[in-house]
Amino acid sequence: MLAEATEYSGGELHLYIPNRIEDAFDRNGTMKDVVSSGLSSVPGTAYIFPSHEVHRVTNITSGQRKVLVLEFWAYEVSCIIDLILSLNISPSR
C-alpha cells in the first residue's frame, strides 16, 4: 500500500478464505467465498498471496488508492525456449 487510508474511500482488498479445508487444496472457491479479512491499509503494508486465487478489491468511491503490484511466475526452461523461437529472437551468448 502506498497511499494513506485517508486519501481514498473504498478499495478494500478481499481474499478467498475457504469454508471447508478441502476447498483450499481443490481450489473450489467462488466469489461467494471471498471475505474481508481485516487487512491493514497502512502505507508500507505488503500483502503476499497467490494471485491466481479468487480475490477482489471493492470500488474506489473517492480519491486515489495507490499500490505497487508485483507478480512472480515460475517458467520451465522449455517454455522460455519456445517463446524465444516463436519470437524469432536469437539468444545472446
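The values are calculated or read from the model by the stated rules, or taken from the named source; none is laboratory data. Note that the coordinates shown come from a computational prediction; the quantities given were computed from them, not determined experimentally. All Cβ positions, even for glycine, are placed from backbone atoms using ideal geometry, and neighbour counts span all protein chains on display.
Counting residues in the stretch 15-36 that are modelled with pLDDT of 70 or more, on the phi < 0 side of the Ramachandran plot and in contact with a Lys or Arg (Cβ under 8 Å, 6 or more places away or on another chain) gives zero.
Taken together, the residues in the stretch 43-93 that are more than 11 Å from the chain's Cα centre (by Cα), of a type in the set (Asp, Glu) and either surrounded by fewer than 10 Cβ atoms within 10 Å (Cβ to Cβ) or modelled with pLDDT under 75 (or both) amount to 1.
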